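A short worksheet on the structure shown next.
The numbers here are math on the coordinates, done by the rules we state, and not lab data. Being a predicted model, the structure only gives us computed values, none of them experimental. We place every Cβ from the backbone using ideal geometry, glycine too, and count neighbours over all the protein chains shown.
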Amino acid sequence: DCKIIELPKFLDVRGNLSFVEQNNHIPFEIKRTYWIYDVPGGECRGSHAFRNTEEFIVALSGGFDVIVDDGERQNKFTLNRSYYGLYIPKGLWRRIDNFSTNSLALEFASTSYIPDDYIRNYDDYLQLKSNGEI
Ligand code: TYD
């Protein structure tokens, strides 16, 4: 159910405009927004899964790859246009890498920041999946 969602875009000689609305383009209520920036070349962020958090990621500037893993299969989504977003349901392992220079990853989340919602160890993730706990 991880999917790329095309956002509205208004092309204009004065500059383009796109937008998102919660419960519409973003299929959940937004509780938190954060962004990742100034990523040094070769670095990777967000290697973890969430028990309950759904996310929506937009490459506001530049580009990067989001690799999503359900414990059996991996899928790579390349984001490099500001009018596409990637929806990631809860319970999927994901990491973000291959950041271009000056890229900006904007992330909308369905929960407030709750450290206990993170699963940060891949073996723990596989265990929880096989137990049906996530
Ligand atoms: P972390 O989730 O570990 O980054 P990554 O997505 O690359 O795995 O977050 C890095 C630090 O930022 C960590 O100390 C927790 C803090 N943080 C918050 O306080 N609030 C937030 O909403 C987020 C996403 C992170």
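Where the centre of each part is set by its Cα atoms, how far does segment 82-99 sit from segment 1-28, in angstrom?
Comparing the Cα centres of segment 82-99 and segment 1-28, I get a distance of 15 Å.
Shape verdict for segment 87-128, please, from the Cα gyration tensor: rounded (a/c under 1.5), prolate (a/b greater than b/c) or oblate.
In terms of gyration-tensor shape, oblate.
Can you give me the orientation-averaged projected area of the convex hull built on the Cα atoms of segment 1-70, in nm²?
6.4
Can you pull out the trypsin sites (Lys or Arg not before Pro) in segment 1-102 whose DSSP state is coil and whose Cβ has at most 12 other Cβ atoms within 10 Å?
Listed in order of number, the matching sites are R14, R73.
Kindly provide log₁₀ I(q)/I(0) values, in the same order as q = 0.11, 0.16, 0.19 Å⁻¹, from the Debye equation applied to equal alpha-carbon scatterers of segment 5-134.
-0.40, -0.82, -1.12
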